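Structure first, then comments.
The values are calculated or read from the model by the stated rules, or taken from the named source; none is laboratory data. Please read these numbers as outputs of a predicted model, since none were measured by experiment. As a convention, Cβ positions derive from the backbone with ideal geometry for all residues, glycine included, and neighbour counts pool all protein chains shown. Surface accessibility is based on the protein's heavy atoms, side chains included, excluding ligands, DNA and RNA. Shrake-Rupley method; radii C 1.70, N 1.55, O 1.52, S 1.80 Å.
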Amino acid sequence: RACWLGLLGVVGSESTSKSSSGGSLVISTGGDPDVLIPSLVSATQAAPIADLVYDRLAEIGDSLNIVTDAGFTPRLADRWTWSPDSLSIAFHINPRAKWHDGQPVRSSDVRFTLQSTRDSTLGTPVAALIANIDSVSTPDAATAVFWFHRRTPQAFYVATYQIPVMPQHTRK
């Protein structure tokens, strides 16, 4: 069976030509995706679709280095700052990052995503992977601060790659 999905994700900070007005994304798979909520994806058919629909604060760069932040490139966040003790990372959300409906991406979306991912009623397989994240605070609409229980070489990877950001304003 073929799976067709209209792209509903984030418009990142890439430049687009004035003639570009969006479009459709068509993906053909050998089966149907199980779910398109990133933290619940378990079928191989859903993972590439969720990766195209939801964006991350930073993306793994060409070096494929996931130890520290050296191998990452900005995505929804245009920059980040580590605390001196490496127990927190403050991500500054790119002001041009917008959701498919034109709403700006906010730090509250990042906090909502972490809280949703941790919701025990969902039984997400990602829960164990993000256990070192204590919380996400939002000092303002453009800053999301990840707090960690302990320093680890892959803290940045966990904060960015394990938690594709979801929009809070669309929940009902």
Checklist entry - So is Asp101 within 15 Å of the chain's Cα centre (by Cα) and more than 19 Å from Gln154 (Cβ to Cβ) or not? => result no
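In the range 94-123, what count of residues is obtained for those that are part of a helix (DSSP H, G or I) and within 14 Å of Pro139 (Cβ to Cβ)? Lay out the reasoning, then the answer.
Initial filter on the range 94-123 (part of a helix (DSSP H, G or I)): 107-118.
Remaining after also requiring within 14 Å of Pro139 (Cβ to Cβ): 107-108, 110-111.
Result for the range 94-123: 4.
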Checklist entry - Can you find even one residue in the range 127-134 that is touching a Lys or Arg at 6+ places or on another chain (Cβ under 8 Å) and over 23 Å from Pro84 (Cα atoms)? => result yes
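Here is a yes/no grid of residues against (1) under 12 Å from the mean Cα position of the chain (by Cα); (2) within 18 Å of Ala97 (Cα to Cα); (3) touching a residue at least 24 places away in the same chain (Cβ under 8 Å):
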{"site": "Ile133", "(1), (2), (3)": "no, no, yes"}
{"site": "Arg151", "(1), (2), (3)": "no, no, yes"}
{"site": "Tyr157", "(1), (2), (3)": "yes, no, yes"}
{"site": "Gln162", "(1), (2), (3)": "yes, no, yes"}
{"site": "Pro167", "(1), (2), (3)": "yes, yes, yes"}
{"site": "Arg171", "(1), (2), (3)": "no, no, yes"}
Item to check | Within the range 138-153, tally of residues that are open to solvent by 40 Å² or more (accessible area, probe 1.4 Å), in contact with a helix residue (DSSP H, G or I) (Cβ under 9 Å, 6 or more places away or on another chain) and more than 18 Å from Pro95 (Cα to Cα) | outcome: 1
Checklist entry - Does Phe146 count as farther than 30 Å from Gly23 by Cα and part of a strand (DSSP E or B)? => result yes
Next on the checklist: From the list Asp78, Asp69, Asp62, exactly one residue is of a type in the set (Asp, Glu), in contact with a Phe, Trp or Tyr (Cβ under 8 Å, 6 or more places away or on another chain) and at pLDDT 70 or above. Which is it?
Outcome noted: Asp69
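In the range 49-76, which residue that is among the small types (Gly, Ala, Ser) and without any contact (Cβ under 8 Å) to a residue 40 or more places away in the chain is surrounded by the most Cβ atoms within 10 Å (Cβ to Cβ)?
Here the residue is Gly71.
Do we have Asp32 as at pLDDT 70 or above and either under 12 Å from the mean Cα position of the chain (by Cα) or not hydroxyl-bearing (Ser, Thr, Tyr) (or both) here? Lay out the reasoning, then the answer.
Details: at pLDDT 70 or above: no; either under 12 Å from the mean Cα position of the chain (by Cα) or not hydroxyl-bearing (Ser, Thr, Tyr) (or both): yes.
Against the criterion (at pLDDT 70 or above and either under 12 Å from the mean Cα position of the chain (by Cα) or not hydroxyl-bearing (Ser, Thr, Tyr) (or both)), Asp32 does not qualify.
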Checklist entry - Checking Gln115 against (1) free of Cβ contacts under 8 Å to residues at least 24 places away in the same chain; (2) touching an Asp or Glu at 6+ places or on another chain (Cβ under 7 Å), which test does it fail? => result (2)
Checklist entry - Exactly one of (1) part of a helix (DSSP H, G or I); (2) surrounded by 19 or more Cβ atoms within 10 Å (Cβ to Cβ) is unmet by Phe91. Its number? => result (1)
